[in-house]
Each structure stands twice: as C-alpha cells, then as structure tokens.
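Here the structure is laid out as structure tokens; the discussion comes afterwards.
The values are calculated or read from the model by the stated rules, or taken from the named source; none is laboratory data. Everything numeric here is computed off the predicted structure, so don't read it as measured data. Counting neighbours? That spans all protein chains shown, and the Cβs are built from the backbone with ideal geometry, glycine included.
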Amino acid sequence: MDIQIPQILFQIINFSVVTGALVYFLYKPLNRMLDDRSKKIEKAQRAADETIQEREKLETEKKNILQRAEREALDIIENAKTAGKKQKQEILEEAKKEAEAQIKKIGRAWESERKSQESQMREEFTDTVLLVTEKIIGKLDKKTKSKLIDSELKTILGKI
Amino acid sequence: MKITVTTAEKLNANQLKTIKSAISKKHPKLKLDIHEKLDENLIGGLQIMIGSKMYDASVKNKLAEIKTQLIKLN
C-alpha cells in the first residue's frame, strides 16, 4: 500500500475545514445557547430565591401583624374587661349609695310618722285623762268643791 | 276698784269675807266693789279679776296648764 502524501494532506485539510465549520457553525452557537440557558436558569433561580425570600419576608410580616393584632385584641379585651369591672363597681357603688339613701329616707319618714302618731296618741290620751278628770271633779259634792275653792283661795291671795 | 270673783259653785260667806279682807289689806285706801259670777265651765276653783289683772286658780285653767306641760314633754 502506497502512502500518498497529497491525499493525506487533502484529508487533513478536509478534516480541518469540517472541524472548523463544525466549531464555527455548531459548537459556538450551541455553547452560546447553553450559556444563555444557563444564565436564564440562574436568573430564574435568583428570581425564585428572591420570590421565596419575599414570601418569607411577607410571611414574617404577616406573622408579626397577626401577633400584633392578637396582642391588640387581647389588650382591647383586657381593657374592656377592666372598664366593665370598673363600670360594674361604679354601678354597684351607685346602687349601694342609692339604697342607703332610700333606707335613710324611709327611716326618717318612719321616725317622723312614728313621732307624729306618738304625739297624736299622747295628745288624745292627755285629752281623755283631762276629760275624765274634769268629769270626776265636776261630780264632786259641794263640800269638797268648797274645800277646793278654800285651797285655791289661799294660793291666789298669797299672790295678790 | 271693781273686783270680779268667778266660781263654778257659789262662794260661802266666809270665803267672801276672806277675799274682801285680804284685798283690803293690800289696797287699804281703795273702795272695793266686789261682784260674784258663776261659771260652770271653770269646773272648780276660782278666778279673781282685780281691775285689769286676772288671778286664775280654776280647775279649768289648771287642766289646761297640765295639758300644755304634757304636750311639751313630747
């Protein structure tokens, strides 16, 4: 078998041309395409990471807002309870004062009524006693009445 | 001087004498003009009016005084 140098050279040049064409028309665009894709993936990954971070941030913020809202709600409930207790206490105090005032008023009215009735009864009793006394003295005999005049006469003449 | 003696029962002579005597001692220079008056409302005792001054020792007055005192005790 003869080694034909020109043929070999032709083959080498042919191979080089094909290789160069392949590198130029296929490898570089493919490589560029892969780079672009890789960059897109990285960009998408960064965007996804940012979205996740944003989401986590929002979650944290939401959690904080919920905690704050819960605290505020508890504060409102606590304040409402305290205000309710205070109002209840005030109402009770007011009712107690009102009741005491009513009791005192009723007591005074009873006392006044009792005194009035007592006074009336005493007056009626006095009137009755005096009426009976008057009747008894009126029925005394002349001699006794005369003695009564003698007795009173001494008193009057002592004053003249 | 006009003197009015009011009683529920008529005064006896001795009582009238005692009155005249006592008033004469107090007012020796005055002429006494004694009038007797009966008033059953006095119940007992007597009232003597000397001039414009009244001396009341009637049972009616005493009972009224007792009533006033008892009412005051309230």
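A residue that is more than 30 Å from residue B:5 (Cβ to Cβ) and in a helix (DSSP H, G or I) can be found somewhere in region A:128-145.
Annotation note: of B:23, B:66, the sole residue that is under 15 Å from residue A:154 (Cβ atoms), surrounded by 12 or more Cβ atoms within 10 Å (Cβ to Cβ) and at pLDDT below 90 is B:23.
For region A:132-160, how many residues meet the condition of being more than 15 Å from residue B:18 (Cα to Cα) and more than 8 Å from chain B (Cβ to nearest Cβ)? Before you say what the answer is, go through the steps one by one.
Taking region A:132-160 as the starting set, the residues that turn out to be more than 15 Å from residue B:18 (Cα to Cα) are A:132-145.
Among the residues that remain, those that are also more than 8 Å from chain B (Cβ to nearest Cβ) are: A:132, A:135-136, A:139, A:141, A:143-144.
Number of matching residues: 7.
Has region B:54-70 got at least one residue that is charged (D, E, K, R), more than 10 Å from every other protein chain (Cβ to nearest Cβ) and in contact with a strand residue (DSSP E or B) (Cβ under 8 Å, 6 or more places away or on another chain)? If you could, list the steps in order and put the result at the bottom.
Residues of region B:54-70 charged (D, E, K, R): B:56, B:60, B:62, B:65, B:67.
Applying the additional criterion that residues be more than 10 Å from every other protein chain (Cβ to nearest Cβ) yields B:65.
Subsequent filtering for residues that are in contact with a strand residue (DSSP E or B) (Cβ under 8 Å, 6 or more places away or on another chain) retains none.
Checking region B:54-70: not a single residue is charged (D, E, K, R), more than 10 Å from every other protein chain (Cβ to nearest Cβ) and in contact with a strand residue (DSSP E or B) (Cβ under 8 Å, 6 or more places away or on another chain).
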